[in-house]
Every structure is written in C-alpha cells, then in structure tokens.
C-alpha cells in the first residue's frame, strides 16, 4: 500500500510539472509574438516608408496637399496602433510644435485638415521627415519656402 501511495504522489508531481512547463511555454510564445511585431526587418521599414518618401524635398502645394491626404488615410487605417501614427507639423499652423501641441494633436484628423487648408497650391514647400528608433517615419515636417 505504501508503494501505491508513493506512486500516486510521484505521478501527481509529474503531472503538475508538465502543467507548469506548458504554462511557461505558452507565456513565452505570447511574449515572443508581441516582440516580433515591435522588431521590424529593414525590408518592412522600407516598405512602410516608401509611400511617404516620394514627397520628400521641395514640392508644390498640390503635392503637399496630397501628402496630407496620404498621412490622414494612413493614420485612419492604423488608428489602433499608436506606433504607426504619423504626426504632421507645419510652422505657423495648428500642428506647429512651437505651440506646444503633443503628438496626439499632431495626428488628429482635424489638425491635418487645418494644415492641408493652409497649404496654397501656387506655393512651394519643403517636406522633411523625422524617424523613430525603429527607422519608421514618425513625423512629416512641412516648411513654407519664400518666393524669390
């Protein structure tokens, strides 16, 4: 009888260890999947940035207005992922960083519309980007160029 009770205790301990190991593996798998989303490959970063890089440099007002639409649509598609939200800032307009707005205001569709409205078709603008640590574009900076 003693041997049978010891066998049951050993069997219970083995089942408990298997359960603990299985739980550990489940937690590890969940954590590694979350980390893979944060660490993008260079190809993924390039693909992410490619739709915006065409607008970099000196651009016409019409082209910059199109960029505003692209940023707004991108932010709407990625509304649940704050790491993929792109801020839009322009000197002297609602998204101006000097006015002390935070990133939430800079990605707001109303702010983007205000900036788009301020952009004149006949004017030229300089478009530059700010990048996050991951290499993805985090902000679009628009500066009005003076007419010569």
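The values are calculated or read from the model by the stated rules, or taken from the named source; none is laboratory data. Because the structure is a prediction, the values reported are computed rather than measured. Positions of Cβ are generated from backbone atoms using ideal geometry, with glycine treated the same way; all protein chains shown enter the neighbour counts.
Out of all the residues in region 49-71, is one or more surrounded by 19 or more Cβ atoms within 10 Å (Cβ to Cβ), outside any strand (DSSP E or B), in contact with a strand residue (DSSP E or B) (Cβ under 6 Å, 6 or more places away or on another chain) and at pLDDT below 85?
No; the residues of region 49-71 include none that is surrounded by 19 or more Cβ atoms within 10 Å (Cβ to Cβ), outside any strand (DSSP E or B), in contact with a strand residue (DSSP E or B) (Cβ under 6 Å, 6 or more places away or on another chain) and at pLDDT below 85.
Just checking, how many residues over region 77-87 are farther than 16 Å from residue 131 by Cα and touching a helix residue (DSSP H, G or I) at 6+ places or on another chain (Cβ under 7 Å)?
From region 77-87, those farther than 16 Å from residue 131 by Cα are 77-81; that's our starting set.
Pick out the ones that are also touching a helix residue (DSSP H, G or I) at 6+ places or on another chain (Cβ under 7 Å) and you get 78.
Count: 1.
Hey, among the residues in region 112-148 that are in a helix (DSSP H, G or I) and more than 17 Å from the chain's Cα centre (by Cα), which one's surrounded by the most Cβ atoms within 10 Å (Cβ to Cβ)?
If we take residues in region 112-148 being in a helix (DSSP H, G or I) and more than 17 Å from the chain's Cα centre (by Cα), then 115 is surrounded by the most Cβ atoms within 10 Å (Cβ to Cβ).
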